[in-house]
Amino acid sequence: MILTIDIGNSNTVFVGYDNDKKRVYEHRVLTFKKDTKKLLKPLLEGLKLEVEDIIISCVVPSIEKDVLEVIEEVFLYKPKLVNAKTIDKMTINIDTPESLGADFICTSVGASAKFNTPVIVADIGSASKISLTNSDNVYEGGIIWPGIGSSLQSMVEMIPHLPKVDLVLNPSVIGKNTINAIQSGMLYGVVAQIEGLSNRIENEVGEKCERVLTGGYSVLFKELLPEFTFVEHLVSDGLIEIYFNKMLKGEVKS
């Protein structure tokens, strides 16, 4: 089994694949931003899986070194790390290609492997992101704005008399009370952002794009975006494509 590890700001997702790229293992935990080695080591030791190799995407720079070290301690080999400095067989057409996040790299590769290009990916997690990969599989850039959770937390902190709100999708976009109104603003609001920004991207590039939806929050409203195909583990799927296609520097495809 090849183990992919997607380390996000909120969650860390372990997905294992066999040699046919079929998912055979899934596990999700909160990202250990403190005491990383202490908490991650027993988790890895307890996997009890036959792991041939490991490939990682990490968007939390402060814990990356600890993660790599504890994996090597447990498995006795160095995992493969995907970032803008290690990725090789991918063209990144932005001002500073070396600054592109591993999540953008993996979702671009994963979407390009599964769908026709050009392809738009909406990744709605701790931050909300949209990216474009063109018809030549070139990463063209993206859009980032505050995530649903952080937006709601910020609003409540700024306006402390607001009621506590759970993220639940209401049947009507028109809120009949404060809680419903906030819920509609958070969820229908991000749906409108995704649709509107994707339409603007298509208008700017002058062609119709495939549309893909991923990210932890997207399960809340995926039914409202029928033009998007939902892919739960797109970062992990991108990692396994990078692994088997030997897309990291120093690797030679057989």
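The table that follows gives values for the structure above.
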| quantity | calculated |
| --- | --- |
| The one condition in (1) open to solvent by 20 Å² or more (accessible area, probe 1.4 Å); (2) within 20 Å of the chain's Cα centre (by Cα); (3) closer than 11 Å to Ile120 by Cα that Tyr217 fails to fulfil | (3) |
| Test: residue in region 193-200 that is open to solvent by 40 Å² or more (accessible area, probe 1.4 Å) and of a type in the set (Ser, Thr, Tyr) | no |
| Count of region 130-164 residues which are more than 16 Å from Thr229 (Cα to Cα) and touching a strand residue (DSSP E or B) at 6+ places or on another chain (Cβ under 6 Å) | 8 |
| In region 177-231, the residues that are part of a helix (DSSP H, G or I) and β-branched (Val, Ile, Thr) | Thr178, Ile179, Ile182, Val190, Val191, Ile194, Ile201, Val205, Val219 |
| Lys78, sole failed condition from (1) touching a helix residue (DSSP H, G or I) at 6+ places or on another chain (Cβ under 9 Å); (2) free of Cβ contacts under 8 Å to residues at least 24 places away in the same chain; (3) surrounded by 14 or more Cβ atoms within 10 Å (Cβ to Cβ) | (3) |
| Residue satisfying condition, being polar (S, T, N, Q) and part of a strand (DSSP E or B), within set Ser135, Ser57, Ser108 | Ser57 |
| Selection from region 85-95 of residues that are open to solvent by less than 90 Å² (accessible area, probe 1.4 Å) and either modelled with pLDDT under 95 or within 19 Å of Cys58 (Cβ to Cβ) (or both) | Thr86, Ile87, Asp88, Met90, Ile92 |
| Residue match in region 122-132 (condition: part of a helix (DSSP H, G or I), more than 22 Å from Ser184 (Cβ to Cβ) and open to solvent by less than 50 Å² (accessible area, probe 1.4 Å)) | no |
| Residue list for region 96-112, restricted to those being open to solvent by less than 50 Å² (accessible area, probe 1.4 Å) and β-branched (Val, Ile, Thr) | Ile105, Thr107, Val109 |
| The lone exception for Lys208 - which of (1) over 30 Å from His27 (Cβ atoms); (2) surrounded by 15 or more Cβ atoms within 10 Å (Cβ to Cβ); (3) in contact with an Asp or Glu (Cβ under 7 Å, 6 or more places away or on another chain) it fails | (2) |
| Ile174 being closer than 20 Å to Leu225 by Cα, modelled with pLDDT of 95 or more and open to solvent by 30 Å² or more (accessible area, probe 1.4 Å) | yes |
| Cross-chain or 6+ apart pairs with Cβ under 6 Å, region 57-74 first and modelled with pLDDT of 95 or more and acidic (Asp, Glu), then outside any helix (DSSP H, G or I) and open to solvent by 50 Å² or more (accessible area, probe 1.4 Å) | Glu72/Lys78 |
| Test: residue in region 25-35 that is of a type outside the set (D, E, K, R), in contact (Cβ under 8 Å) with a residue 12 or more places away in the chain and surrounded by 18 or more Cβ atoms within 10 Å (Cβ to Cβ) | yes |
| Number of the exception - Gly149 against (1) modelled with pLDDT under 95; (2) open to solvent by 70 Å² or more (accessible area, probe 1.4 Å); (3) assigned to a helix (DSSP H, G or I) | (2) |
| Positions within region 222-254 being in contact (Cβ under 8 Å) with a residue 60 or more places away in the chain, farther than 15 Å from Asp6 by Cα and among the aromatic types (Phe, Trp, Tyr), in sequence order | Phe228, Phe244 |
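The values are calculated or read from the model by the stated rules, or taken from the named source; none is laboratory data. None of the values given here were measured: they were computed from a predicted structure. In this analysis, Cβ positions are derived from the backbone assuming ideal geometry, glycine residues included, and neighbour counts consider all displayed protein chains. To get the accessible areas, we keep the full protein, side chains included, count just its heavy atoms, and leave off ligands, DNA and RNA. Shrake-Rupley method; radii C 1.70, N 1.55, O 1.52, S 1.80 Å.
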